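One structure is given below, encoded as structure tokens.
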Amino acid sequence: MKKLIVLAAVMVLAGCAAPQSGLRLNDLRTRAYFRTERSVPFTSFAPIQMALFKHQAACGGDITFTASPRNASYAIVSSQKPPLDWRDTIVIDLTLMQDSPVRAHVYSYHAGTGAQIQKMFNAMIRPNVCVK
């Protein structure tokens, strides 16, 4: 019986010690990967989410909106569906403040993503305009 308990404990500890593969979302949300900060001309997340649905219907693409499950004042817009490795994903953190425009903080592992970031903001603000 003791051997089983020791074996189970070793397996649990070995699982905890396994290295994480890929870049996690919280790793991406650091000063090193911060790209820009902007205001989005909406005072709620609903118009942003509707605009992204319209943009996807009109233009295609993988831009996704994900509301925070823990706090209704936070959401993210990402350049693709949430992956296991965030290295190739642009993330726009949205913060909702009462009676103020939505604040957006953009993170990207890769530099030189300004044009892609602008396309994501265009999708939120002008959803029927498709830019290749």
Around THR89, which amide H atoms from residues at least 5 apart in sequence, or from another chain, sit under 5 Å from its own amide H, with H modelled in the peptide plane?
-> TYR109
THR30-THR43 pseudo-label distance in nm [points 7 Å out on the Cα-to-Cβ vector] = 3.8 nm
Output the peptides 84-93, 56-65 sorted from most to least packed, where packing is the average of other Cβ atoms within 10 Å over each peptide's residues.
-> 84-93, 56-65
Rg and Dmax [Cα atoms of segment 22-125; Å; Rg one decimal, Dmax integer] = 12.9, 38
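We did not get these values from a lab; they are worked out from the coordinates using the rules stated. Just so we're clear, the structure is a prediction, and the values are computed from it rather than from any experiment. Every residue, glycine among them, receives a Cβ derived from its backbone with ideal geometry; neighbour counts consider all protein chains shown.
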